[in-house]
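As structure tokens, the structure follows; a few thoughts come after it.
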Amino acid sequence: MNLARRRANALSTLPHAEAPQSPLTRFDAEPRETNLVGALAHQLAQWGVEQSFGVSGGAIALLFDALSESPINLRHFRHETGAAFAACEAYFASGKPSVVFATTGPGLLNTLTGITAARWEGAKVVLISGHTNTGQRGRWATQETSAYTLPQDALYSKGPIFDFAVRMENTSELPTALQRIGAGLARPGGFIAHLCLPMSVQSGHLRRAAHPMPPASVPSIPDSSIAEIASLLKREGFVIWAGFGATKAAPLVRELVERSDARVFCSARAKGVIPEDHPNYLGVTGIGGHEAVAEYMIQERPRRTLVLGTRLGEATSFWDRDLLPSEGLIHVDLDPEVPGCAFPDFPTLPVNAEIECFLQSLLKHFPVRKRRSAVSNVVPFKEPVANAKPSPRSPVRPQALLDSIQRLVIDQTDALLLAECGNSFAWTTHYLRFNDPGRYRVSTLFGSMGHTTAGVVGAALASGKKAVAVVGDGAMLMNSEVSTAAQYGAPAVWIVLNDSGYGMCRDGHRALGVSDSETTFPCVDFVVWARSMGADGARVDTEDMLDVAISEAMQSEAPFVIDVRIDVNEASPLLKRFESLISQGGSKTVAGWAR
């Protein structure tokens, strides 16, 4: 039986439920004596892993073969960084953990940017890498990976990059490693694991055993504490600051808003947690955010803010004290180290809890209201997209592009929308409106260029539906996986803001009063570029071409790149970011910057 047929047969037997799978599958009818990587792939499939991403290499040949023979889809990428970004976004698109595989030396190191982004974003990803065998270490083996050549603590220990990491030297270590990984995948929030396997360990034989995923455990809060928090909120009046950690609890957030009549605003990653057309919604904070939020907080001065699942870092708050209430924060987060970090000198009541469990308990103290009181409709968008409907104008204003995206992608389809860091992120956050959680993805934390250009492929493959990435031309040139998308038929769309340069850097240099002479580069024809790799595309020179191009992309069965020649004279909503840099000593003035 050929490889494609074996994979197809295996895939047809894989359950698609999100819950951990029963160990009783087709594979248990096979001989239970196997090599280590076969047992590992089998167990990962049992835990719901459906996608693996990476680049092959000699040191992981056996792992590569085991993944290709398993129910897990093996996606062979063009660069390990792109594979890691894709794995990150595959998790958020499907809710199922994903795998990254990488060979020794440069293969492993190439994954670290994407893996670090996944850690910061809160994804569940298992990195499996190769390692030089003991007898070859210190002898300058090709792509040697050992204590002689690479730092060990950062790569193979729990720390800033990994929640769990181990370099295995014997097959007998696998059960313990699987127990740790299974517990991490079961817990709420993100989990990044690294399992390093020398070739001698990959080929080691062992008797396969089932390792059920342990039940998830979450911090519990006494009912008396919930009652005190509810009393405090009802007595003093409050607003809600929703973050990405509240995404899965979106219905409960909305219910709390309805019962309490509290106003609510959110971080960029939480767009859609509360419908953005809700009368109590004030807008987004941070990069690309809306001035209406600070205006409301200054004018109304609510006494308390209930913070749900956001770190309140620079990209979300700019550490702007105008966004703070008059009395204090009640900050709910799974990570007990988060509350109080962003504003260490401001009164904060920390609540270590999973957002959904917390809200279920809190809602018991807020009865359903029979009649809503009249609320003021605070409009967060100072410049509605409707004011920039497409016209024959050239070059294309970003506002006109976003109007078309809103109408043809957000309002008419269920496609996922991802935004690259930089101007793309600022424009989309500011102007696009979502009424459902989880449809908008941005990396506001690690903020690596290339995250979305490659991540969109993982999102499209894992979700099985259209995923649209709004990206800059600089990021597209840095790290994209259009060729990979064409190979696997991923329903991915790239909308490229083509301004022949690093737009955010150019604008930032001007704002900071430093030279921007080297922030431009020769213009690229991304349609020709895309078609050379098996994708399709359309070039947009004038605004009246936008609707046709976007409609064609959304109907295309092939990956599609839209090359939009964007107007560089339109200032993006990034001034606050530049002001934050200036406050950190970047410059003395923002002279010449147009709001």
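The values are calculated or read from the model by the stated rules, or taken from the named source; none is laboratory data. This structure is a prediction, so every number in the text was calculated from the model and none was measured. Using ideal geometry, Cβ is built from the backbone for each residue, glycine included, and neighbour counts are taken over all protein chains shown. These area figures cover heavy atoms from the full protein model, side chains too; ligands, DNA and RNA do not enter into them. Shrake-Rupley method; radii C 1.70, N 1.55, O 1.52, S 1.80 Å.
All of (1) open to solvent by less than 70 Å² (accessible area, probe 1.4 Å); (2) within 19 Å of E236 (Cα to Cα); (3) at pLDDT below 95 hold for S391 with one exception: (2). A residue that is of a type in the set (A, V, I, L, M), closer than 29 Å to V49 by Cα and either open to solvent by less than 20 Å² (accessible area, probe 1.4 Å) or in contact with a Leu (Cβ under 8 Å, 6 or more places away or on another chain) (or both) occurs somewhere in the stretch 480-489.
Scan E314, E300, E255 and give me the residue that is modelled with pLDDT under 95 and over 21 Å from P339 (Cα atoms).
Just a single option satisfies the conditions, and that option is E300.
If you go through the stretch 191-209 and keep only what is surrounded by fewer than 20 Cβ atoms within 10 Å (Cβ to Cβ) and either among the charged types (D, E, K, R) or within 31 Å of the chain's Cα centre (by Cα) (or both), you end up with just R207.
Of all the listed residues (V457, V528, V496), the sole one being more than 30 Å from A249 (Cβ to Cβ), modelled with pLDDT of 95 or more and in a helix (DSSP H, G or I) is V528. Just to be sure before I move on: is F85 open to solvent by less than 10 Å² (accessible area, probe 1.4 Å), within 19 Å of the chain's Cα centre (by Cα) and of a type in the set (F, W, Y) in the structure I sent? Yes.
Does the stretch 326-336 contain at least one residue that is farther than 30 Å from V548 by Cβ, open to solvent by 70 Å² or more (accessible area, probe 1.4 Å), within 24 Å of the chain's Cα centre (by Cα) and modelled with pLDDT under 95? Scanning the stretch 326-336, I find at least one residue that is farther than 30 Å from V548 by Cβ, open to solvent by 70 Å² or more (accessible area, probe 1.4 Å), within 24 Å of the chain's Cα centre (by Cα) and modelled with pLDDT under 95, so the answer is yes.
Put simply, of P214, P160, P151 the only residue that is more than 30 Å from E356 (Cβ to Cβ), out of contact with any strand residue (DSSP E or B) (no Cβ under 8 Å at 6 or more places or on another chain) and open to solvent by 40 Å² or more (accessible area, probe 1.4 Å) is P151. When you scan the stretch 542-550, do you find a residue that is of a type in the set (D, E), at pLDDT 70 or above and either closer than 22 Å to F425 by Cα or open to solvent by less than 50 Å² (accessible area, probe 1.4 Å) (or both), even just one? Yes, there is a match, as at least one residue in the stretch 542-550 is of a type in the set (D, E), at pLDDT 70 or above and either closer than 22 Å to F425 by Cα or open to solvent by less than 50 Å² (accessible area, probe 1.4 Å) (or both).
When E144 is tested against the conditions (1) touching a Lys or Arg at 6+ places or on another chain (Cβ under 8 Å); (2) exposed (fewer than 15 other Cβ atoms within 10 Å of the Cβ), the lone failure is (2).
Scoring L349 on the criteria (1) of a type in the set (A, V, I, L, M); (2) open to solvent by 20 Å² or more (accessible area, probe 1.4 Å); (3) part of a helix (DSSP H, G or I) leaves a single failure, condition (3).
Does V273 count as closer than 21 Å to T429 by Cβ, assigned to a strand (DSSP E or B) and among the β-branched types (V, I, T)?
Criteria not met by V273.
Only residues that are part of a strand (DSSP E or B) and polar (S, T, N, Q) were counted across the stretch 286-331, and they come to 1. Scanning the stretch 411-456 for residues that are open to solvent by 10 Å² or more (accessible area, probe 1.4 Å) and touching a Phe, Trp or Tyr at 6+ places or on another chain (Cβ under 7 Å) returns R441, L445, F446.
Counted as qualifying within the stretch 140-257 are the helices (runs of 4 or more DSSP H) with 1 or more residues that are touching a residue at least 60 places away in the same chain (Cβ under 8 Å) and among the charged types (D, E, K, R), namely 223-236. Which of the residues that make up the stretch 169-187 are farther than 29 Å from F446 by Cα and open to solvent by less than 20 Å² (accessible area, probe 1.4 Å)? The one that is farther than 29 Å from F446 by Cα and open to solvent by less than 20 Å² (accessible area, probe 1.4 Å): L174. Residue under question is E314, and the condition is that it be over 20 Å from the mean Cα position of the chain (by Cα), open to solvent by 20 Å² or more (accessible area, probe 1.4 Å) and over 21 Å from E236 (Cβ atoms); does it hold? For E314, the condition - over 20 Å from the mean Cα position of the chain (by Cα), open to solvent by 20 Å² or more (accessible area, probe 1.4 Å) and over 21 Å from E236 (Cβ atoms) - is not met.
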